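Asks: I'd like to ask some things about the structure below.
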Amino acid sequence: MVVDIEGVPLHLAHPDEIPVQWVGQEEVMRQLLAAWLVVDPQDLPMNPRVLGKPGVGKTTLAYAAARRLGREVYIMQATVDTRPEDLLITPVIEGAGRLRYVASPLMTAMIRGGVVILDEGNRMSEKSWASLAPLLDNRRYVESIVAGIKIKAHPLFRLVATMNDDASTFDLPEYIHSRLQPQILIDFPEREEEYAILRENLPFGDEQILNYVTDFLQQAHAADERYTVRDGINIGRFAVKLRRLIGDQMRLREALHVAILETLGEEALRYVPRA
Ligand SMILES: Nc1ncnc2c1ncn2[C@@H]1O[C@H](COP(=O)(O)OP(=O)(O)OP(=O)(O)O)[C@@H](O)[C@H]1O
Ligand SMILES: [Mg+2]
């Protein structure tokens, strides 16, 4: 799709369609939806930041919340190489001396009134964040130097950034930090919720496998280990595959043991549930 902004034809991105269902953990969902709410003509939506360990469900929460609003969702993957123009508009050469201007997922969401998930935002440099500063306060616009235009966000535009707490990341400068509020922390789920999340993601896994993996994860959480439900899903999935291939001569516990070892390594075996 192409739109015309101040005489510049802009090629828009496609929304992301992923089949996800948010299970349990309604408190963080409510916080995220509340941050996006506009309660008065004088009010503005906030730009929340979802925090948590790798694999706790940050991207899934952001996506599921955006879908609950019924809006188009655009996922913008941030990396250390993300440049300011990558966030906004990039010029692409289109034949002899002609340029095509391509809008990023973020820019497309701004124009169409969709939701953008700035995923893994902590990997992005300060320079890139700086280009978003006016978008994140009451100005709600950005300026594309490349295309020479200023774009105002659609009133329905919403933004959420996800960030994990690993070391390979930049520290955000204070003026950006203060614009990405509130901070919504996803913690490890309770046993029942964790079981339900595994069930949602492994609908073909039998109860014994799901219970085993849930017990494993809960013990790891109690020891404040970094293992998350994503690891649990991988373990369960691999165990199911092993048994499908090898058949019943491989005992269930043996398959799960191998799956834990091959997913998380030796250290993880100390959380194996007792028979
Ligand atoms: N509450 C939940 N409901 C449904 N699925 C969940 C939930 N929490 C986590 N998951 C599942 O856990 C897996 C990891 O989630 P996700 O990719 O959102 O994690 P993340 O925090 O974004 O990880 P990373 O930091 O690596 O980007 C996904 O398969 C997701 O479906
Ligand atoms: Mg993620």
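The values are calculated or read from the model by the stated rules, or taken from the named source; none is laboratory data. Owing to the predicted nature of the structure, the values given are computational and were not obtained by experimental measurement. Here the Cβ positions follow ideal geometry from the backbone for every residue, glycine too, while neighbour counts run over all protein chains shown.
Asks: Out of I145, I149, I184, report the one residue that is modelled with pLDDT under 95 and touching a strand residue (DSSP E or B) at 6+ places or on another chain (Cβ under 8 Å).
Replies: Only one candidate passes the filter, namely I149.
Asks: From (1) part of a helix (DSSP H, G or I); (2) modelled with pLDDT of 95 or more; (3) surrounded by fewer than 22 Cβ atoms within 10 Å (Cβ to Cβ); (4) not basic (K, R), pick out the condition that doesn't hold for N122.
Replies: It is condition (2) that N122 fails.
Asks: Here's another thing I want to ask about it. Taking M107 as meeting all but one of (1) touching a helix residue (DSSP H, G or I) at 6+ places or on another chain (Cβ under 8 Å); (2) among the hydrophobic types (A, V, I, L, M, F, W, C); (3) closer than 28 Å to E193 by Cα, write down the number of the exception.
Replies: (3)
Asks: Also, quick follow-up: Identify all residues within the range 75-104 that are surrounded by 16 or more Cβ atoms within 10 Å (Cβ to Cβ) and away from ligand 1 (no atom under 16 Å from the Cβ); write none if there are none.
Replies: P84, E85, D86, L87, L88, I89, T90, Y101, V102, A103, S104
Asks: For the range 92-103, does any single residue satisfy the condition of being in a loop (DSSP other than H, G, I, E, B), charged (D, E, K, R) and away from ligand 2 (no atom under 16 Å from the Cβ)?
Replies: Taking the range 92-103 first, the residues in a loop (DSSP other than H, G, I, E, B) are 94-98.
Subsequent filtering for residues that are charged (D, E, K, R) retains 94, 98.
When the remaining residues are screened for being away from ligand 2 (no atom under 16 Å from the Cβ), the result is 94, 98.
Checked the range 92-103: at least one residue is in a loop (DSSP other than H, G, I, E, B), charged (D, E, K, R) and away from ligand 2 (no atom under 16 Å from the Cβ).
Asks: Just checking, which of W36, W22 is over 16 Å from I75 (Cβ atoms) and of a type outside the set (D, E, K, R)?
Replies: Exactly one of W36, W22 is over 16 Å from I75 (Cβ atoms) and of a type outside the set (D, E, K, R), namely W36.
Asks: Check off (1) assigned to a helix (DSSP H, G or I); (2) modelled with pLDDT under 95; (3) hydrophobic (A, V, I, L, M, F, W, C) for L135 and give me the number that stays unchecked.
Replies: (2)
Asks: Next up: Taking the range 74-91 only, how many residues are outside any loop (DSSP other than H, G, I, E, B) and more than 18 Å from L180 (Cβ to Cβ)? Break it down stepwise before answering.
Replies: So the first thing to find is which residues in the range 74-91 are outside any loop (DSSP other than H, G, I, E, B), and the list is 74-77, 84-87, 89-91.
Now restrict to residues that are more than 18 Å from L180 (Cβ to Cβ): 85-86, 89-91.
Number of matching residues: 5.
Asks: Hey, among the residues in the range 147-160 that are in a loop (DSSP other than H, G, I, E, B) and exposed (fewer than 14 other Cβ atoms within 10 Å of the Cβ), which one's nearest to the chain's Cα centre (by Cα)? So that I can check it myself, show each step before the final result.
Replies: Let us first name the residues in the range 147-160 that are in a loop (DSSP other than H, G, I, E, B), namely 147-148, 153-157.
The next check asks that each one be exposed (fewer than 14 other Cβ atoms within 10 Å of the Cβ); those that pass are 148, 155.
Details: G148: 31, P155: 23 Å.
Looking at residues that are in a loop (DSSP other than H, G, I, E, B) and exposed (fewer than 14 other Cβ atoms within 10 Å of the Cβ), I get P155.
Asks: Exactly one of these conditions fails for R139: (1) without any contact (Cβ under 8 Å) to a residue 24 or more places away in the chain; (2) farther than 26 Å from A34 by Cβ; (3) not aromatic (F, W, Y). Give me its number.
Replies: (2)
Asks: Is one or more of the residues making up the range 2-21 at pLDDT 95 or above, of a type in the set (G, A, S) and under 20 Å from H177 (Cα atoms)?
Replies: no
Asks: Name the one entry in Y63, Y74 that is over 30 Å from Y195 (Cβ atoms) and of a type in the set (S, T, Y).
Replies: Working: Y63 fails: over 30 Å from Y195 (Cβ atoms).
Just one listed residue meets the conditions, Y74.
Asks: Could you check the range 125-142 and list, in sequence order, the residues that are in contact with a strand residue (DSSP E or B) (Cβ under 8 Å, 6 or more places away or on another chain) and surrounded by 15 or more Cβ atoms within 10 Å (Cβ to Cβ)?
Replies: The answer is S131, L132, P134, L135, L136, R140, V142.
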